[in-house]
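Asker: Quick one: this structure, given as structure tokens, is what I'll be asking you about.
Values in this text are rule-based calculations from the coordinates and carry no lab data. Small disclaimer: the values here were computed from a predicted structure and weren't measured.
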Amino acid sequence: MKIITNLTSKEQMSFDIAIVTDSARTQDAIKISRIKRLHSDKLFTNVKEVMIDHEDETYFLRITKQNKLILTK
């Protein structure tokens, strides 16, 4: 994957624009995607857990003791 540019919005979120290519033919682009990047230090300000609402369901995103992220329902 090749990162073309990184654009930062006012909310401290960045958008990575990437071109995904076939490994056999790197000059032929297959798909262009836009990915929103959130930094965990902005998401977990003074807390170790956040709630995420998605399609009438609530999920919990936690930082573990090993400093890993885990998502549960």
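Asker: On full extension of the chain, what length is gained from residue 71 through residue 48, given 0.36 nm per residue of separation minus the C-alpha to C-alpha distance? Please report the intermediate quantities before stating the final value.
Answerer: Working: separation 23, 0.36 × 23 = 8.28 nm, distance 1.22 nm.
Answer, rounded to one decimal: 7.1 nm.
Asker: Does region 32-73 classify as rounded, prolate or oblate by the C-alpha gyration tensor (a ≥ b ≥ c root eigenvalues; a/c under 1.5 gives rounded; else a/b over b/c gives prolate, otherwise oblate)? Walk me through the numbers on the way to the answer.
Answerer: Details: a/c = 1.84, a/b = 1.17, b/c = 1.57.
Judged from the Cα gyration tensor, region 32-73 comes out oblate (a/c at least 1.5, b/c at or above a/b).
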